[in-house]
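Enquirer: Sharing a structure below in structure tokens format, with a few things to ask.
We did not get these values from a lab; they are worked out from the coordinates using the rules stated. The model shown is predicted, which means the values in this text are computed figures rather than measured ones. FYI the Cβ positions are ideal-geometry reconstructions off the backbone, even for glycines, and counts take in every protein chain you see.
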Amino acid sequence: MTTGTNRIMDEFAKLMTDAAGAAQGVRKEIETAFNAQAERWLNSMDIVKREEFEAVREMAIKARDENEALAARIAALEARLAGEGH
């Protein structure tokens, strides 16, 4: 009787392993389909990607710094011109 019980347990274990493998496959397919749909949805919204945002942000910071430097130079030149005029 133990041989019959062992065989039943072995078959049950094999069935559970197969079911787990099938569930894993289905899960992977659902994740792939979800990710593809999410990507299509985000692309349709014309959302800026993080890399593009960071690149534009860096350009804006650089432009602001250059603007501040130019404003300081203009102020210095104006002060010098005002001093020479007296």
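Enquirer: Rounded, prolate or oblate: which fits region 1-47 when a ≥ b ≥ c are the square roots of the eigenvalues of the alpha-carbon gyration tensor, with rounded for a/c under 1.5 and prolate only if a/b beats b/c?
Expert: Prolate.
Enquirer: For the pair VAL26 and VAL56, what calculated FRET efficiency results from E = 1/(1 + (r/R0)^6), where r is the Cβ-Cβ distance and R0 = 35 Å, to the nearest 0.05?
Expert: After rounding, the FRET efficiency stands at 0.25.
Enquirer: A further question follows. Excluding residues on the same chain fewer than 8 positions from LYS28, give the aspartates and glutamates whose Cα lies under 20 Å from its Cα.
Expert: Cα-Cα hits under 20 Å: ASP18, GLU39.
Enquirer: Quick check: residue separation of THR17 and ASN35 times 0.36 nm, minus the Cα distance between them. What number comes out in nm?
Expert: Difference between extended and current length: 3.8 nm.
Enquirer: Another question, if that's okay. Could you state the angle between the C-alpha long axis of helix 50-85 and the longest principal axis of the C-alpha atoms of the chain, as a value from 0 to 90 degrees rounded to the nearest 10?
Expert: Helix 50-85 and the main axis of the chain meet at about 10 degrees.
Enquirer: Still on this model: Under a plain spin-label model, where a point goes 7 Å from the Cα along Cα-to-Cβ, how far apart in nm are ALA69 and ASN43?
Expert: The two pseudo-label positions are separated by 4.0 nm.
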